[in-house]
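Trainee: One structure, pasted below without further comment.
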Amino acid sequence: TDEKLFITTSAPNIALECVKNPNADVYLIGGHINKDNLSLSGMNALSFLDNINIDIAFMATSGFSLNNAFTCGNYDECQVKKYVIAKASTVVMLMDSSKVGKNLPFTFANLEDVSYLVSEQPLGDEITEEIEKYDIGVL
């Protein structure tokens, strides 16, 4: 598409892929880098996000369960994800099936926060039934 894209990410590896698109303006938020997942977080990241309007947020989760919903293992990362979700018009959660049943310490989103869920395979009957209650699109 020839549409101009404005992309903001907390992940340097994602930013490097996005800059390959000639129609993309890519911004990388500042902050502390998490060596486990190469994401940036902290007060600098939150400050940067203050002035950004977010149409579509593509989010990744480290864990998911029906009890704790979408979780991650880092408090600062959790805060950034919560802030992005609160500002976004549409939230697309990216979750491969290996994340199901994993509970990490910090919940950053619940099912009602998500517009679409993308996974590489079906997530099972119990999860599918719960997702349908929230009218979440599943891809």
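The values are calculated or read from the model by the stated rules, or taken from the named source; none is laboratory data. Bear in mind that the values here come from a model prediction, so they are computed numbers and not experimental data. Cβ: placed from backbone, ideal geometry, glycine included. Neighbour counts: every protein chain shown. The area values use the complete protein model at the heavy-atom level, side chains included, leaving out ligands, DNA and RNA. Shrake-Rupley method; radii C 1.70, N 1.55, O 1.52, S 1.80 Å.
Trainee: Quick one: in segment 28-41, of everything that is in contact (Cβ under 8 Å) with a residue 24 or more places away in the chain and assigned to a strand (DSSP E or B), which residue is most open to solvent (accessible area, probe 1.4 Å)?
Mentor: Looking at residues that are in contact (Cβ under 8 Å) with a residue 24 or more places away in the chain and assigned to a strand (DSSP E or B), I get HIS32.
Trainee: Then there's this: Can you tell me which residue in segment 112-139 is modelled with the lowest pLDDT, limited to those that are farther than 14 Å from ALA69 by Cβ and open to solvent by less than 70 Å² (accessible area, probe 1.4 Å)?
Mentor: For segment 112-139, the residue satisfying everything is GLY124.
Trainee: Another question, if that's okay. Given the structure, is ALA69 open to solvent by less than 60 Å² (accessible area, probe 1.4 Å), in contact (Cβ under 8 Å) with a residue 12 or more places away in the chain, within 18 Å of TYR134 (Cα to Cα) and among the small types (Gly, Ala, Ser)?
Mentor: yes
Residues are listed down the side, and each one gets a yes or a no for (1) aromatic (Phe, Trp, Tyr); (2) surrounded by 15 or more Cβ atoms within 10 Å (Cβ to Cβ); (3) assigned to a strand (DSSP E or B):
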site: ILE14; (1), (2), (3): no, yes, no
site: ALA57; (1), (2), (3): no, yes, yes
site: ILE85; (1), (2), (3): no, yes, no
site: THR90; (1), (2), (3): no, no, yes
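Trainee: While we're looking at this one, here's another question. Go through segment 113-128 and give me each residue that's within 12 Å of LEU139 (Cα to Cα), touching a helix residue (DSSP H, G or I) at 6+ places or on another chain (Cβ under 8 Å) and not hydroxyl-bearing (Ser, Thr, Tyr).
Mentor: LEU117, GLU120, GLN121, PRO122, LEU123, listed by residue number.
Trainee: For CYS78, which of the numbered conditions (1) assigned to a strand (DSSP E or B); (2) touching a Phe, Trp or Tyr at 6+ places or on another chain (Cβ under 9 Å); (3) within 22 Å of ASN34 (Cα to Cα) fails to hold?
Mentor: Against the list (1) assigned to a strand (DSSP E or B); (2) touching a Phe, Trp or Tyr at 6+ places or on another chain (Cβ under 9 Å); (3) within 22 Å of ASN34 (Cα to Cα), CYS78 comes up short only on (1).
Trainee: Turning to a different aspect of this structure: Checking ALA109 against (1) at pLDDT 95 or above; (2) farther than 16 Å from SER10 by Cα; (3) touching a helix residue (DSSP H, G or I) at 6+ places or on another chain (Cβ under 8 Å); (4) open to solvent by 20 Å² or more (accessible area, probe 1.4 Å), which single condition isn't satisfied?
Mentor: Condition not satisfied by ALA109: (4).
Trainee: Can you name the condition, by its number, that SER39 falls short on among (1) over 15 Å from the mean Cα position of the chain (by Cα); (2) modelled with pLDDT under 95?
Mentor: Against the list (1) over 15 Å from the mean Cα position of the chain (by Cα); (2) modelled with pLDDT under 95, SER39 comes up short only on (1).
Trainee: Right, another one. Select, from ASP50, ASP96, the only residue that is under 14 Å from the mean Cα position of the chain (by Cα), acidic (Asp, Glu) and open to solvent by 50 Å² or more (accessible area, probe 1.4 Å).
Mentor: One residue alone meets the criteria, ASP96.
Trainee: Among the candidates ASN103, ASN44, single out the residue that is open to solvent by 40 Å² or more (accessible area, probe 1.4 Å), farther than 22 Å from ASP135 by Cβ and part of a loop (DSSP other than H, G, I, E, B).
Mentor: So the residue among ASN103, ASN44 that is open to solvent by 40 Å² or more (accessible area, probe 1.4 Å), farther than 22 Å from ASP135 by Cβ and part of a loop (DSSP other than H, G, I, E, B) is ASN103.
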